[in-house]
Amino acid sequence: VEPSTELRLKRQVLSLILSVCVLGLRAETLRYVVIEETGSGSFVANIAKDLGLKAEKLSARQGRLISEGKKQYFQLDRSTGDLLIQEKMDREELCEQIDPCLVPFEILLQNPLQSYRAEVSVYDINDHSPVFLNNEFLLKIPENTMPGHRFLLESAQDLDVGNNSLQNYSIGSNNYFQIYTRDRSDGRKYAELVLEKPLDREEKPEISFILTAVDGGSPPRLLYKVQVLENRPEDYLLVSVSATDLDEGINGEISYSIIQSSEENHVQGMDGGGLFAHCKVIVEVLDMNDNAPEVTTTSLTSPIPENSQPGTVVALFHVRDRDSGDNGKVVCSVEDGLPFTIRAVSKHSCSLLTESTLDRERQPEYNITITAHDLGSPSLATAVTITVTISDINDNSPLFNETPYTMYVRENNGPGKKIGKVRAIDSDSAENAKVTYSLLPSEVGDLPALSYISVNSENGNVYALRPMDYEQIRTFQVTVRAADGGTPALSSEVIVRVVIIDANDNAPFILHPLQNSSSSANDLVPRSAEAGYLVTKVVAVDGDSGQNSWLSYRMLKATDPSLFSVGSHNGEIRTTRPLNERDSFKQKLLILVQDNGEPSLSTTATLTLLVVDGFSDTYMQISEVPREEDSTLTLYLIIALAMISLRKLSEKCNSACGYFYGDNGFPTTLIDVNGMRTLSQPYQYEVCLTNGSDNREFKFLRPITSSFPTQNSEIDMVRGNDFLNSSHAACQMESVSQERTSACVY
């Protein structure tokens with residue numbers, strides 16, 4: 001039956017009042033009501049306002065509705081926050097006879113992930129008329145039935161609930177029957193017809209009347225109540241009812257039947273004479289735990305950043321169990337050993353949250369199994385597995401695989417030669433792991449490091465930009481920085497030490513005898529010298545290092561090859577036999593000095609030896625050229641000053657040695673050998689002189705300390721520690737006279 005105008009008016013007023021009513025608090029379930037059959041697009045409530053959010057905030061957090069059923073009856077307008085009806089609802093289709101009729105859903109917000117439970121109560125309207133299964137009832141009653149006897153009538157069916165459902169019954173005017181309305185245990189009504197006056201078939205064989213709805217009550221009736229577990233098989237015995245009849249024979253034989261629909265569960269007992277009685281049987285079906293929980297993932301956030309704080313919501317699940325009581329109560333859990341936990345949000349939903357800090361580099365992905373088990377006995381469980389990926393945060397600096405790096409480059413290399421590679425690994429991912437290399441500003445000597453080497457910004461290859469000179473720079477170091485592509489970028493630094501490998505690019509240099517003097521230097525040999533007499537010594541150095549500076553000596557040419565020999569390792573010139581009167585007064589020797597490099601380099605020294613009968617002072621004064629001797633001595637001193645930067649010679653002077661100091665007893669200034677001036681640097685010098693000799697017998701000078709800068713292009717050729725590494729490069733100069741002892745003065 002269509003609702004009357006009055007009912008439609010009530011419906012509209014009720015909709016206006018109730019559709020905006022929120023019965024729950026924000027922290028609890030949000031509750032709303034609507035009238036069934038309300039049209040699509042109708043306003044229900046403002047969700048944003050009830051959640052304490054502005055509409056734009058609701059939109060920014062991508063608010064949406066998650067329905068628990070197959071149909072989505074409501075929609076959320078993100079721009080306004082309004083909850084609207086999306087599809088017209090039929091309360092009887094949704095809930096049948098269940099009252100109240102609730103439609104639950106969840107409101108889901110992102111960033112952070114939050115869920116709010118809401119439910120809408122659908123109010124009934126009187127849109128269904130009561131319906132009888134049969135249009136006509138036919139009761140056959142014996143005429144001797146006593147007044148007061150009750151007859152159970154078929155109930156009318158009304159799909160509405162509450163006040164809109166069937167309330168009572170009434171019948172049209174008659175002289176024999178009254179109608180009474182009874183209540184079932186579930187609150188529904190049924191009719192009982194009571195005989196008020198004896199019947200007389202001959203007087204009135206048929207009585208007709210109209211059944212209508214009226215108010216009424218009834219006294220209590222006999223009741224059977226039985227409990228049975230669900231899933232019992234067909235023909236399972238529920239209960240036995242018993243009736244007695246005082247009559248005998250066929251009139252006392254009772255037959256039993258169920259009348260009305262099965263859901264009313266009324267049993268009728270009728271004897272052979274047509275008399276009957278009724279009892280009510282209530283069957284309570286007990287739940288068995290035969291349904292496992294059902295788990296549905298309603299929301300999942302993946303990936304999540306590795307710096308997510310503990311308590312961050314990762315996923316939401318809807319959980320239900322169709323059983324009842326403890327069998328329908330569900331507990332969710334997550335496996336141990338994971339940085340996640342599970343928390344109940346409402347009766348039918350739970351959330352997965354982070355419990356501790358995450359580290360993508362240690363675990364980039366998690367397969368998480370959520371288990372829902374009920375409290376039945378035995379318990380039933382359902383498991384669902386989700387995959388959560390951890391996104392990278394730039395929390396790791398690049399790490400070099402070596403520290404420090406040492407790279408080698410041979411001197412005289414070509415520009416652009418690759419000399420090594422640096423490599424740093426960043427355990428982050430994507431741009432956060434992309435490493436870029438660069439050189440930090442520094443200087444090598446007087447030039448910036450960038451003029452010597454470069455590093456490829458992408459692959460870390462290190463290149464030499466210019467030829468290296470071992471004699472100028474032996475080693476230098478630079479700092480390489482590795483920075484990742486994160487924001488902000490993280491970086492680390494490493495020292496790169498570049499070592500120049502010596503190449504044999506310096507020929508030996510003759511220190512003694514000098515080869516560029518304006519006049520030749522003569523060495524004297526006493527004619528009385530025996531075989532093995534030390535005449536002089538060729539002293540040479542090589543600016544290279546290692547085996548490139550190992551020198552060997554060989555005689556190329558001599559006036560008399562049988563008279564002299566040269567030590568192959570020390571350059572000593574010695575007599576090979578005694579001299580005699582036939583030997584020439586003047587002997588010339590050509591000595592080859594060769595290094596051990598590959599290929600080897602060499603130079604020659606020319607020596608002039610004078611064979612004399614003695615060493616008188618007068619003879620020596622006649623033979624010397626004072627100015628040039630002074631010039632030669634000065635050059636010796638200059639060479640000696642260059643040696644200040646060299647370490648002490650490995651060989652010590654085998655002759656007697658002493659120190660030569662200034663007047664104050666402290667070697668802050670040293671007296672020049674000529675005695676005319678003092679040296680400007682407070683360094684010690686080793687000088688080999690013969691006993692009682694003067695400056696004319698000065699042969700060789702060498703330094704004791706090693707930190708003096710070179711000042712002369714000729715000295716540049718011999719500077720460096722490798723001069724001293726040569727076993728042939730220096731030691732004391734023995735006196736030209738083997739009989740006279742020599743002394744070393746410092």
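The values are calculated or read from the model by the stated rules, or taken from the named source; none is laboratory data. Remember, predicted model here, so these are calculated numbers, not experimental data. Backbone-built Cβ (ideal geometry, glycine too); neighbour counts: all protein chains shown. Accessible surface is based on the protein model in full, side chains and every heavy atom, while ligands, DNA and RNA are left aside. Shrake-Rupley method; radii C 1.70, N 1.55, O 1.52, S 1.80 Å.
Expected output is a single nm value to one decimal: the length gained when fully extending between Ser42 and Ile207, i.e. 0.36 nm times separation in residues minus the C-alpha distance. What is it?
Stretched fully, the Ser42-Ile207 segment lengthens by 54.1 nm.
At 1.4 Å probe size, with every protein chain present, just tell me what the per residue accessible area of the stretch 445-489 comes to in Å².
Each residue of the stretch 445-489 exposes 50 Å² on average to a 1.4 Å probe.
Please list, in order, the residues from the stretch 475-503 whose amide nitrogen is less than 17 Å from a point placed 7 Å along the Cα→Cβ vector of Asn307.
Counting backbone N atoms under 17 Å from the label point, the list is 484-491.
Show me the GluC sites (Glu not before Pro) within the stretch 139-197 that DSSP assigns to loop and that have at most 15 other Cβ atoms within 10 Å of their Cβ. The partial results should precede the final answer.
Details: sites: Glu143, Glu154, Glu192, Glu196; in loops: Glu143, Glu154, Glu196.
Counting only loop positions with at most 15 other Cβ atoms within 10 Å, the GluC sites (Glu not before Pro) in the stretch 139-197 are Glu143, Glu196.
Run the simple label-point estimate for Asp326 and Arg410 please: 7 Å along Cα→C-beta, distance reported in nm.
Distance between label points: 8.9 nm.
Per residue, how much accessible surface does the stretch 23-86 expose to a 1.4 Å probe? Answer in Å², no decimals. Before the final figure, lay out each step's value.
Values: 3260 Å² over 64 residues.
About 51 Å² of surface per residue is accessible.
Can you return the lysines within cross-link range of Lys204? Criterion is Cα-Cα under 27 Å, with same-chain partners fewer than 8 residues away left out.
Those lysines meeting the cut-off are Lys140.
If R0 is 35 Å, what FRET efficiency do you get for Gln472 and Ser427 from their C-beta distance, rounded to 0.05?
Details: r = 42 Å, r/R0 = 1.20.
E between Gln472 and Ser427, to the nearest 0.05, is 0.25.
I'd like the carbon and sulfur percentage of the solvent accessible area for the stretch 72-156, probe radius 1.4 Å, heavy atoms only, ligands and nucleic acids excluded.
Looking at the stretch 72-156 in its full context, I get 48 percent from C and S.
For the stretch 110-151, what is the accessible area per residue in Å², given a 1.4 Å probe and the full set of protein chains?
Accessible surface, normalised per residue, equals 61 Å².
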